[in-house]
Every structure is written in C-alpha cells, then in structure tokens.
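Single-structure report; data block below.
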Amino acid sequence: MKVLLINGSPNEKRCTHTALAEVAGALEAEGVETEIAWIGREAVRGCLGCGGCAKRGDARCIFDDDVVNGLIAKAEAADGLVVGTPVYYAGANGALLAVLDRMFYAASARLRFKPAAAVASARRAGTTPAIDQVNKCFQISCMPVVSSNYWPMVHGKTADDVAQDAEGLQIMRVLGRNMAWLLKATAQVPAPEVEPKVMTNFIR
C-alpha cells in the first residue's frame with residue numbers, strides 16, 4: 001500500500017512539510033509506503049473548465065507544462081492521498097487550489113474511494129477554512145475523509161516552531177495511523193456500485 005502526500009506550500013521543507021512528514025512517519029510505521037510530492041514554485045495554470053480532459057478520456061489535463069499531470073499519475077497509482085497547505089488569508093494556497101481544480105476535474109473518477117485527508121499549517125489562525133476547502137475536493141469525489149483526534153492542523157511560523165507543537169504533531173500521527181487502519185480495513189472490500197450522476201437544474 002502507498003499514500004501520496006502533496007506539499008502545497010511554495011516552501012519545500014518548512015511548516016507544511018514538517019506536518020506531512022509526521023503523517024508519513026506514522027504511515028511508514030504501519031507498513032504503508034509514502035511519497036511526499038511538492039508542487040514547487042513554478043507557475044501553475046488554473047482550470048479553464050474547457051472539458052478537454054473529458055473529451056480525451058485519459059484523466060489528464062490538456063495542459064502538460066506544469067506539475068499537474070505528474071501529480072495525477074502519482075495519485076492514481078497511490079492507495080490514499082494527503083494534501084497539505086499553508087494558510088493564505090484564511091484559505092488554502094492559491095497555487096495548490098489551481099492544482100487541485102485541474103486534478104479533480106480531470107481525474108476524480110480515478111481517485112474515487114481512495115481514503116484522503118487535508119492538513120493545514122498556520123502561524124495562528126485560518127486553518128479550519130483551509131482544511132474545509134481542500135476536503136471539498138475529496139467529498140465530491142466519493143473519497144472517504146480520514147479523521148484524527150482533532151482538526152488536522154499544526155501551528156508555527158517556522159519548521160522549528162511546528163516541531164514544538166506537541167499536540168499538532170500528535171494529531172498528524174493519529175491521522176497517519178487512522179489512514180493506515182482504513183486502508184487495511186477496506187483492502188479486501190469491493191467498492192460500492194457507482195450510480196450514473198443525476199444533475200438537477202432549478203432554472204427552466
């Protein structure tokens with residue numbers, strides 16, 4: 001089993017990475033392989049809603065000049081997904097949201113039923129709406145959202161600060177163990193049948 005952890009921070013080895021590394025350590029201790037993938041600092045396109053991915057039918061975005069299609073391939077190959085974000089104005093990082101918009105628009109059917117979790121890092125506040133923002137990608141895609149013993153957040157201005165957030169780090173470890181348990185518990189259980197999507201319009 002393998003879990004992909006996406007670091008949605010522009011800073012590769014700081015607060016968000018510290019939180020994800022704690023989750024990864026707990027998963028590894030339970031025998032689950034992990035990979036932390038960084039979205040990087042290069043420009044990321046936003047989703048145009050063009051539908052090109054659906055027309056091609058390959059679960060890839062038509063734009064292939066940034067990290068998105070590579071992350072889709074990694075997420076598709078993984079059994080679970082954890083997405084970490086720093087807090088920007090009480091929400092997730094805009095570059096990460098652009099990545100997730102395109103990932104899930106193109107490939108949500110390939111990610112269906114994979115356990116997933118969102119993790120947020122902040123100096124002080126804004127973590128809860130950031131977590132909720134990322135979780136919505138999972139909830140619309142039939143992905144079980146993994147819980148912990150508190151909302152999955154860490155606090156600190158630097159990685160050293162986060163390393164001193166004993167409660168936050170425990171939350172990350174519990175999240176990792178809970179995800180490992182859910183992966184193992186559902187490994188031999190067939191996924192539920194997928195109904196054709198019903199879409200209701202209220203404007204006639």
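The values are calculated or read from the model by the stated rules, or taken from the named source; none is laboratory data. These numbers come from a predicted model, not from an experiment. Cβ placement follows ideal geometry from the backbone for every residue including glycine, while neighbour counts extend to all protein chains displayed. To get the accessible areas, we keep the full protein, side chains included, count just its heavy atoms, and leave off ligands, DNA and RNA. Shrake-Rupley method; radii C 1.70, N 1.55, O 1.52, S 1.80 Å.
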Test: residue in segment 139-157 that is part of a helix (DSSP H, G or I), open to solvent by less than 60 Å² (accessible area, probe 1.4 Å) and either in contact with a helix residue (DSSP H, G or I) (Cβ under 8 Å, 6 or more places away or on another chain) or among the acidic types (Asp, Glu) (or both): no
One residue from Thr186, Thr127 being farther than 27 Å from Cys53 by Cα, open to solvent by 40 Å² or more (accessible area, probe 1.4 Å) and hydroxyl-bearing (Ser, Thr, Tyr): Thr186
Identity of the residue in segment 1-55, part of a helix (DSSP H, G or I) and of a type in the set (S, T, N, Q), that ends up nearest to Ala163 (Cα to Cα): Thr18
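Within segment 24-37, restricting attention to residues that are touching a Ser or Thr at 6+ places or on another chain (Cβ under 8 Å) and crowded, with 18+ Cβ neighbours inside 10 Å, which residue is farthest from Ala120 (Cα to Cα)? Steps first, please.
So the first thing to find is which residues in segment 24-37 are touching a Ser or Thr at 6+ places or on another chain (Cβ under 8 Å), and the list is 24, 27-28.
Cutting the leftovers down to crowded, with 18+ Cβ neighbours inside 10 Å gives us 24, 27.
Values: Ala24: 15, Leu27: 18 Å.
Of everything passing the filter in segment 24-37, Leu27 is farthest from Ala120 (Cα to Cα).
Kindly indicate whether Arg56 is farther than 20 Å from Leu27 by Cα, touching a helix residue (DSSP H, G or I) at 6+ places or on another chain (Cβ under 8 Å) and charged (D, E, K, R). Don't jump to the end; show me each part of the working.
Working: farther than 20 Å from Leu27 by Cα: yes; touching a helix residue (DSSP H, G or I) at 6+ places or on another chain (Cβ under 8 Å): no; charged (D, E, K, R): yes.
Against the criterion (farther than 20 Å from Leu27 by Cα, touching a helix residue (DSSP H, G or I) at 6+ places or on another chain (Cβ under 8 Å) and charged (D, E, K, R)), Arg56 does not qualify.
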Every residue from segment 109-144 that is touching a Leu at 6+ places or on another chain (Cβ under 9 Å) and at positive phi: Cys142
Residue pairs meeting the criteria (Cβ under 9 Å; at least 6 apart or on separate chains; first without any contact (Cβ under 8 Å) to a residue 12 or more places away in the chain, in segment 19-48; second open to solvent by 20 Å² or more (accessible area, probe 1.4 Å) and in a strand (DSSP E or B)): Glu28/Thr34
Restricting segment 158-179 to residues that are in contact (Cβ under 8 Å) with a residue 60 or more places away in the chain and touching a strand residue (DSSP E or B) at 6+ places or on another chain (Cβ under 8 Å), the residue that is surrounded by the fewest Cβ atoms within 10 Å (Cβ to Cβ): Asp161
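Of the residues that make up segment 89-109, is at least one part of a strand (DSSP E or B), under 28 Å from Glu22 (Cβ atoms) and without any contact (Cβ under 8 Å) to a residue 60 or more places away in the chain?
So the first thing to find is which residues in segment 89-109 are part of a strand (DSSP E or B), and the list is 91-92.
Now narrow it down to the ones that are under 28 Å from Glu22 (Cβ atoms): 91-92.
After this cut, where a residue has to be without any contact (Cβ under 8 Å) to a residue 60 or more places away in the chain as well, the list is 91.
Within segment 89-109, one or more residues are part of a strand (DSSP E or B), under 28 Å from Glu22 (Cβ atoms) and without any contact (Cβ under 8 Å) to a residue 60 or more places away in the chain.
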Matching residues in segment 110-138 - criterion: being in contact with a strand residue (DSSP E or B) (Cβ under 6 Å, 6 or more places away or on another chain) and not in a helix (DSSP H, G or I): Lys114, Pro115, Ala116, Ala117, Ala118, Val119, Ala120, Ser121, Ala122, Gly126
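From the list Arg14, Arg56, Arg41, Arg60, which residue is open to solvent by 50 Å² or more (accessible area, probe 1.4 Å) and modelled with pLDDT under 95?
Numbers: Arg14 fails: modelled with pLDDT under 95; Arg41 fails: modelled with pLDDT under 95; Arg60 fails: modelled with pLDDT under 95.
The match here is Arg56.
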Qualifying positions in segment 63-101 - surrounded by 19 or more Cβ atoms within 10 Å (Cβ to Cβ) and over 23 Å from Lys114 (Cβ atoms): Pro86, Val87
